[in-house]
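Below you'll find the structure, written out as C-alpha cells, and then a few comments.
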Amino acid sequence: MSTIGALLPQGTAATTTGDLIVDFTATTDIDSSALALLMQWRRAAETAGHQVTLEQVPHNLQVLADLYGVSFLLSNGTPAS
C-alpha cells in the first residue's frame, strides 16, 4: 500500500504511450491495493487503446483477486514459478 501512490501516476502515464508490462518478480509484499492499482491501469490502457500485461503474478495476488471476484484482472498474467 505504501508504494501505490507513486506507482499509480507512473503506470497510468505509461498506458497513454503504449502497452504496459507489469512484472511482479521483485514483489515481496502485496495487498488488495494492488488490485485497485491494476483496475486503474487497465481502465487507462483501454481508454488509450493499449493493453496491460502481467508477468510473474504472485499466488497471493491471485488468491486476493479470486476472493474479490476480479480474477479477470490477472487473466493474461504469467504465473510465478
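Answer yes or no as to whether residue 50 is exposed (fewer than 13 other Cβ atoms within 10 Å of the Cβ), of a type outside the set (S, T, N, Q) and more than 10 Å from the chain's Cα centre (by Cα). Answer is no for this residue.
Residue-wise test of (1) among the charged types (D, E, K, R); (2) surrounded by 13 or more Cβ atoms within 10 Å (Cβ to Cβ).
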residue	(1), (2)
6	no, no
10	no, no
27	no, yes
45	no, yes
57	no, yes
66	yes, no
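For the subset of segment 1-49 comprising residues that are in a helix (DSSP H, G or I) and among the charged types (D, E, K, R), which member is farthest from residue 65 (Cα to Cα)? Result: 46. Taking each residue of segment 56-67 that is under 12 Å from residue 25 (Cα atoms) and looking for partners that are among the acidic types (Asp, Glu) and not in a loop (DSSP other than H, G, I, E, B) with beta-carbon atoms closer than 9 Å, six or more apart or interchain, yields 56/23.
Pairs meeting the criteria (first residue in segment 17-40 and touching a residue at least 40 places away in the same chain (Cβ under 8 Å), second residue buried (at least 18 other Cβ atoms within 10 Å of the Cβ) and outside any loop (DSSP other than H, G, I, E, B), beta carbons under 6 Å, at least 6 apart or on different chains) are 24/57.
Checked against (1) outside any helix (DSSP H, G or I); (2) modelled with pLDDT of 90 or more; (3) at negative phi, residue 56 passes all but a single condition, namely (3). Sub-9 Å Cβ pairs linking a first residue in segment 1-12 that is within 16 Å of residue 44 (Cα to Cα) to a second residue that is polar (S, T, N, Q), at least 6 apart or interchain, are 4/33; 8/40; 11/40; 12/40, ordered by first then second residue.
The values are calculated or read from the model by the stated rules, or taken from the named source; none is laboratory data. All of these numbers come straight from a predicted model, not from anything done at the bench. Reconstructed Cβ throughout: ideal geometry from the backbone, glycine too, with neighbour counts over all protein chains shown.
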